[in-house]
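Notes to accompany the following structure.
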C-alpha cells in the first residue's frame, strides 16, 4: 500500500514537472520574437556611448516591466483556456490591467527629459482601482464559469492609456524642431500606441498577447532613430554636424533654393582672453538663437569652429532673404537669456 502511494506521488510529480516544462516551452515559442527584441535592446543600450547611466537604468526597468508583463499575460490567458484557478486568474488580470498604464508612464518618464515621478500618480491610482475590482468587480469580473465581463469602469484602463499616449506624443512633438528626421520616429510611435488602443476592439482580447511585442518594437525603433539622429548632431550646439551637412547637400540638390553661411565674430578673442569654456558657451548661446529662428524646410548646421550653414529647400525669395533678419530677431528676443548665460559663464571663470 505504501509503495503504491509513493509510486503515485512520484508519477504526479513527474507529470507536474513535464507540464511545467511544457508551459515554459510554450511561453518561449509564443514570445520568442519579444525576447529577441528585448535582448537586442539591452545590448544596444549598454554598448552605446550616447546613453547616460540614469537613462540606461530607466530603459532597463522599462524592458524588465515589459518582460514581466508578457509572463503575466501568458499565464492569464493559459488559465482562461484551461478554465481553471479562477482566483489566480482574477489577480493576474488585475496585474495586467494595472501594468499597461504603468508601462506607458515609464515610457514617458524615460523618453521625456526632466520628467518628474509625478507622472506615475494616475497610473498608481488606477492600479489601486484594479485591485479593488478583484473584490468588487467595478473594472472587470470573472464569474464562476471563468468567463470575463467588464464592470462599470471597464474602459477606464483604455482611457488612461489613451491619455498617457496623447500626453507623450504631445510632449515629444512640442519639444522637437519639427524636422522630418525627428518627426518620423514620433509618427511611428504614435501609430504603435494608437494600434495598441484600437486593435483590442477590432480583433478582440487576443491582441493583448502581442501587446508587449508591439510596445517593445515601438520603443526599440524609436530608440534606434534617436541614436541615428544623435550621430548627425553637433555635440556642443545641438545643430546638425558637418557629416549631416555633406549628406544633406547631396540629397535631392534640385530642391535646394539657398545655402546661407554664417560666421561668429570674436570667437578667437573670447578663447584667448577668457578661455575655451567661455568660447564654447558663446557658441552654445548663438546656437540657441539659431534654434529659435529655424523654420520648416530650413536646416541649420555647425560645420566648423565658428562656421554655421543653413540649407533652404523649396523656400520663397522672401523666406530666404529673411534668414539673417530672423536670426537677429531670435537673438534680440532672447537677449535677457543670452546676457544671463554669458554672465554665468563669466562668474564660473572668475571663481575658477
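Per-structure values
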read-out	value
Among (1) part of a helix (DSSP H, G or I); (2) exposed (fewer than 13 other Cβ atoms within 10 Å of the Cβ), the one test that residue 70 misses	(2)
Residue match in segment 166-187 (condition: touching a helix residue (DSSP H, G or I) at 6+ places or on another chain (Cβ under 9 Å) and closer than 15 Å to residue 97 by Cα)	no
Looking only at segment 158-196, and only at residues there that are more than 15 Å from the chain's Cα centre (by Cα) and free of Cβ contacts under 8 Å to residues at least 24 places away in the same chain, the one that is farthest from residue 114 (Cα to Cα)	195
Selection within segment 134-157 - under 30 Å from the mean Cα position of the chain (by Cα), within 13 Å of residue 93 (Cβ to Cβ) and not in a strand (DSSP E or B)	139, 154, 157
Candidates 90, 107, filtered to the one that is at pLDDT 90 or above and either in contact with a strand residue (DSSP E or B) (Cβ under 7 Å, 6 or more places away or on another chain) or on the phi > 0 side of the Ramachandran plot (or both)	90
Single residue of segment 253-286 satisfying the filter (in contact (Cβ under 8 Å) with a residue 60 or more places away in the chain and either assigned to a helix (DSSP H, G or I) or at positive phi (or both)) that is farthest from the chain's Cα centre (by Cα)	274
Whichever residue in segment 239-252 is touching a strand residue (DSSP E or B) at 6+ places or on another chain (Cβ under 9 Å) and part of a loop (DSSP other than H, G, I, E, B) and, among such residues, is surrounded by the most Cβ atoms within 10 Å (Cβ to Cβ)	239
Of all residues making up segment 73-105, the number that are free of Cβ contacts under 8 Å to residues at least 24 places away in the same chain and outside any helix (DSSP H, G or I)	1
Residues satisfying the stated conditions in segment 263-292, i.e. in contact with a strand residue (DSSP E or B) (Cβ under 8 Å, 6 or more places away or on another chain), under 25 Å from residue 316 (Cβ atoms) and crowded, with 17+ Cβ neighbours inside 10 Å	290
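Residue by residue, here is whether (1) under 22 Å from residue 214 (Cα atoms); (2) surrounded by 15 or more Cβ atoms within 10 Å (Cβ to Cβ) holds:
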position: 104; (1), (2): yes, yes
position: 108; (1), (2): yes, yes
position: 134; (1), (2): no, yes
position: 144; (1), (2): no, no
position: 156; (1), (2): yes, yes
position: 163; (1), (2): yes, no
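The values are calculated or read from the model by the stated rules, or taken from the named source; none is laboratory data. Computed from a prediction, not measured in an experiment: that's the story for all the values here. Note: ideal-geometry Cβ built from the backbone for every residue, glycine included; neighbour counts use all protein chains shown.
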